[in-house]
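The values are calculated or read from the model by the stated rules, or taken from the named source; none is laboratory data. The model shown is predicted, which means the values in this text are computed figures rather than measured ones. Cβ sites come from the backbone with ideal geometry, for glycine too, and all protein chains shown count toward neighbours. Just the protein is used for accessible areas: all its heavy atoms, side chains included, with ligands, DNA and RNA removed. Shrake-Rupley method; radii C 1.70, N 1.55, O 1.52, S 1.80 Å.
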Amino acid sequence: MIQFACAFIFLGGYFYTGHTKISGLFLLPLAVFITGTSNFYNFMDGIDGIAGITGCIAFFLLWVFHNLKGIDEIYGLFCIAMVFSCVGFLFFNMPKARVFMGDVGSILLGFIFSCLMILLSASPLDFLIMAGFLFPFYFDELFTIAVRIRIEDSLLKPHRKHIYQLLANEMGIEHWKVSLGYAFFQLLIGMALILAGSKGYSFVFLIYGISCTVFLFISLYVFKKVYCQ
């Protein structure tokens, strides 16, 4: 409830400025998006480095997108500040964590990222492109939710079924390697979406289709490797 309240406070100020063409009918869906992204980021913060390095790349991609769009300079400075904040944190969190981000840090990053997405979106295409800057996190979380529903595992109970958790825990891959793997795909998909944006919706959906297919095959392979041996 507190997270939803924070989302509504932000959106209230956003709509109050009158600088947006978004209808007030989207108030609730946007609040759900902000709260969902905040929690998705928190759920994905489970191994050394993954939340910090994802934050570095996500806000860097926002900065690149901001520069291409020529939006208010203050948002670009804020994105860079977030990048360096995450870099400073990573010195203590990779390759072996001595400090952890915790719920407060990870929820905050997800909240700020989703709010910046809304502020920097001049069209639905912009929003669609920027959502891909966190593609590995969104896909892993949504895929895991679908699997847990499929096996009738309560979504209200703690679990360790995320793909990154299976890779690091069950398959024994070092945390920093898994984190860098997610970061590689995140940067690759993010830059591809930025480049595809100038071509329109068809190319952006093509990038999403390819990315979903690749991640789906990897995820199914990992599940089969862990649970079918």
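Any residue that is at pLDDT 90 or above, surrounded by 15 or more Cβ atoms within 10 Å (Cβ to Cβ) and aromatic (Phe, Trp, Tyr) - is there at least one of those in the stretch 166-181?
yes
Taking Asn42 as meeting all but one of (1) in contact with a Ser or Thr (Cβ under 7 Å, 6 or more places away or on another chain); (2) more than 22 Å from Phe143 (Cα to Cα); (3) surrounded by 15 or more Cβ atoms within 10 Å (Cβ to Cβ), write down the number of the exception.
It fails just one condition, (2).
Any idea which of (1) over 11 Å from the mean Cα position of the chain (by Cα); (2) under 22 Å from Leu27 (Cβ atoms); (3) open to solvent by 20 Å² or more (accessible area, probe 1.4 Å) is the one Asp126 doesn't satisfy?
Result: Asp126 fails condition (3) only.
Starting from the stretch 82-108, keep only residues that are in a loop (DSSP other than H, G, I, E, B), then list their pairs with residues that are surrounded by fewer than 21 Cβ atoms within 10 Å (Cβ to Cβ) and of a type in the set (A, V, I, L, M) whose Cβ atoms are within a distance under 8 Å, requiring at least 6 positions of separation or different chains.
Phe92/Val99; Asn93/Val99
Just to be sure I understand, how many residues within the stretch 81-105 are open to solvent by 40 Å² or more (accessible area, probe 1.4 Å) and either in contact with a strand residue (DSSP E or B) (Cβ under 7 Å, 6 or more places away or on another chain) or of a type in the set (Gly, Ala, Ser) (or both)?
Final tally of qualifying residues: 2.
May I ask you to list the residues in the stretch 161-209 that are in contact with a Lys or Arg (Cβ under 7 Å, 6 or more places away or on another chain) and outside any loop (DSSP other than H, G, I, E, B)?
Selection gives Asn169 alone.
What is the one condition in (1) among the hydroxyl-bearing types (Ser, Thr, Tyr); (2) open to solvent by 50 Å² or more (accessible area, probe 1.4 Å); (3) out of contact with any helix residue (DSSP H, G or I) (no Cβ under 7 Å at 6 or more places or on another chain) that Ser154 does not satisfy?
(2)
Give the stretch 197-229 a look and list any residue that's open to solvent by less than 70 Å² (accessible area, probe 1.4 Å), in contact (Cβ under 8 Å) with a residue 60 or more places away in the chain and of a type outside the set (Phe, Trp, Tyr), or say none.
Result: Gly197, Gly200, Val204, Ile207, Ser211, Cys212, Ser219, Val226.
Test each condition in (1) in a helix (DSSP H, G or I); (2) surrounded by fewer than 16 Cβ atoms within 10 Å (Cβ to Cβ); (3) touching a His at 6+ places or on another chain (Cβ under 9 Å) for Ile149 and report the one that comes out false.
Result: Ile149 fails condition (3) only.
So if I check each of Ile53, Ile34, Ile57, Ile74, which one is surrounded by fewer than 16 Cβ atoms within 10 Å (Cβ to Cβ), part of a helix (DSSP H, G or I) and among the β-branched types (Val, Ile, Thr)? Let's see the steps before the verdict.
Details: Ile53 fails: surrounded by fewer than 16 Cβ atoms within 10 Å (Cβ to Cβ); Ile34 fails: surrounded by fewer than 16 Cβ atoms within 10 Å (Cβ to Cβ); Ile57 fails: surrounded by fewer than 16 Cβ atoms within 10 Å (Cβ to Cβ).
Testing whether each residue is surrounded by fewer than 16 Cβ atoms within 10 Å (Cβ to Cβ), part of a helix (DSSP H, G or I) and among the β-branched types (Val, Ile, Thr) leaves just Ile74.
Output the residue which, of all residues in the stretch 2-31 that are modelled with pLDDT of 90 or more and of a type in the set (A, V, I, L, M), is surrounded by the most Cβ atoms within 10 Å (Cβ to Cβ).
Applying the filter and picking the extreme gives Ala7.
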